[in-house]
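Undergrad: Have a look at the structure that comes next, please.
Computed from the coordinates by the stated procedures, all read-outs in this text should not be read as laboratory data. These numbers come from a predicted model, not from an experiment. Don't worry about glycine lacking a Cβ; one is built from the backbone with ideal geometry, like all the others, and counts go over all protein chains shown.
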Amino acid sequence: MSEELGLTVKKEDAPEWYQQTVLKADFADYSPVKGCIVIKHWGYAIWEKIQEVFNDAIKKHGVQNYYFPMLIPESLIKKEAEHFSGFTPEVAWVTHAGKNKLDEKLAIRPTSETIMYAMFSKWLKSYRQLPMKVHQWCNIMRWETKMTKPFLRGREFLWQEGHTVHETKEEAEKETSWALEEYAKLSEDLLAIPVVKGKKTDSDKFAGAEFTLGIESLMSDGKALQMGTSHMLGHNFAKPYEVKFFGRDEKWHFGWQTSWGTSTRLLGGVILTHGDDKGAILPPKVAPIQAVIIPILFKGKEEKVIKKCKELEKKLNKTKLRIHFDNREGYTAGWKFNDWELKGVPLRIEIGPRDVDNKKFIIVRRDTGEKIAIEENNIQETLETFLKKIHNNLFTRAKEFVKTHTAKPKTVKDLKTAINSKQWALIPHCSREECEKELENKSEGGPRIIPLKQDSIKNQICINCKKEAKYWLYWGKSY
Ligand SMILES: [Zn+2]
């Protein structure tokens, strides 16, 4: 069994390392349906933590949870032409019920704007109902033709989608920025993944949006991961779906709309960003188990060690800490160390017979491997302190990685070199779509995000066409 447990490759062999970590640490497994995974307990527990924190944040903001059907009639999904053509290539359709062909085929939701806004149109009457803030947690289906990868790119995934209607354009724009900030907080404060907040280029925005904001992070293999997007929809959907309200001026107006989402892709981000040669390293705030107690057993002294472990588990489980005592029989302590290291549990508490007598234990940090002797007396505070330290260390480490892997090339040749050496790049760009396409062909990468924080672009010329540059743009490969 021990041969099967650990990883057989190092993290630098990114695709194989990622796959082994996902499978062996019980984050997920492949299913009989191509491109669809089973999210296993270890992955799902992290998703639950994300849901808990995000639900809390949006509810405080006045957002309410709903559930909409997963099937959308073709006539409905077709109403906003740009949106429809953007999603058509990856829509899966239900065409039959038993042997009978349906009168109208039904799309399995690739996103829910269309079905939600048909209902908004029915519900919304007056400006007094605004802002309207509707949200759902659900699954989504997009029939990917590109290579799929657990969490990062799949045909079915879990996500949240928020949809709001506002009286004014300014309010809707403010909401779009609010969602972006929430995603950045979720990513940095909870998952310890540093992100760049920015705007998508026009070629890359959501089909049907006026503009799309997003957070983007650089993964350890040099590819960028889009971790959340927030769309300003303007009146683009309100018009075809007739999302209208009777205003203060006693006239009918179209509602200003936004939508925003993030998905189980975040789990892929966690694994890729923090993991090492031994497997995953989980950020303490979402780790299903924050500290695992492992007994070091010697013949004849098992009883007092196990008793102490149980006592400690009971005591710590009364706190907010998530503790687990690994009492499995027939496994050596070393085997257990490896198993929990692979799964990425932030702290391990080792307890042997002498430790019981001395009222001192050894704790081991997953992020640094450091061993620390601690007193039994103030164990709760000590664990809490170390969990905070681990979060900060993971975040700082990831931030440093992004910093040292962000190139500022002066020429297209330098840009290519940067991308081939697993970096992304900040480049001056003219903002023209034709130029973007041309550069995509030359460089392998593509436009990732126009950072909101812009250095002066004055006197800069576009890296590709040499026309006047309009903004700094992150450019690189992506998931
Ligand atoms: Zn250009």
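Undergrad: Just tell me, in residue order, which DSSP H segments of the chain are both 30 angstrom or longer along the helix axis (alpha-carbon based) and at least -0.5 in mean Kyte-Doolittle hydropathy.
TA: Within the chain the helices that satisfy the rule are 379-404.
Undergrad: May I pose another question? Over its Cα atoms, what ratio of radius of gyration to 2.2 N^0.38 Å does the chain give?
TA: Cα Rg divided by the expected 2.2 N^0.38 Å: 1.10.
Undergrad: Taking the square root of 5 times each eigenvalue of the Cα gyration tensor, what semi-axes in Å does the equivalent ellipsoid of segment 406-478 have, largest first? Walk me through the numbers before you get to the answer.
TA: On the way: eigenvalues 57, 35, 24 Å².
Value: 17, 13, 11 Å, ordered largest first.
Undergrad: Would you list which aspartates and glutamates come within 19 Å of K467, measuring only between C-alpha atoms, while excluding same-chain residues fewer than 8 positions from it?
TA: Answer for K467, where 19 Å is the Cα cut-off: D202, D414, E433, E434, E436, E438, E440, D455, listed by chain and number.
Undergrad: Continuing with this model, one more query. Fewest Cβ neighbours within 10 Å first, please rank M227, M219, M141 accordingly.
TA: M141, M227, M219
Undergrad: Among K10/K299; K299/K320; K133/K197, which pairs are too far apart, with a Cα-Cα distance over 28 Å?
TA: Details: K10/K299 36 Å; K299/K320 34 Å; K133/K197 23 Å.
With Cα atoms farther than 28 Å apart: K10/K299; K299/K320.
Undergrad: With label points built 7 Å along Cα→Cβ from the Cα atoms of F298 and V38, find their separation and express it in nm.
TA: Spacing of the two 7 Å Cα→Cβ label points: 4.3 nm.
Undergrad: On to the next question. Just report the Cα centroid separation between segment 10-50 and segment 433-479, whole Å.
TA: Cα centres, segment 10-50 to segment 433-479: 33 Å.
Undergrad: May I have the extent of the alpha carbons of segment 8-274 along their three principal axes, as whole Å values ordered from largest to smallest?
TA: 69, 50, 33
Undergrad: Listing T148, T332 from the residue with the fewest other Cβ atoms within 10 Å to the one with the most, what is the order?
TA: T332, T148
Undergrad: Extension gain Q129-Y67, at 0.36 nm per residue separation less the Cα-Cα distance, in nm?
TA: That works out to 20.4 nm of additional length.
Undergrad: Cut-off is 10 Å between beta-carbons; in what order do V165, V22, V196 appear when sorted fewest neighbours first?
TA: With the sparsest Cβ surroundings first, the list reads V196, V22, V165.
Undergrad: Continuing with this model, one more query. Using label points projected 7 Å from each Cα along Cα→Cβ, tell me how many nm separate D56 and E170, to one decimal.
TA: Label-label distance for D56 and E170, simple model: 3.3 nm.
Undergrad: Semi-axes of the equivalent ellipsoid of segment 291-386: what are they in whole Å, largest first, if each equals the square root of 5 times a C-alpha gyration tensor eigenvalue? Can you show the working numbers first?
TA: Values: eigenvalues 67, 54, 32 Å².
Ellipsoid half-lengths, sorted descending, are 18, 16, 13 Å.
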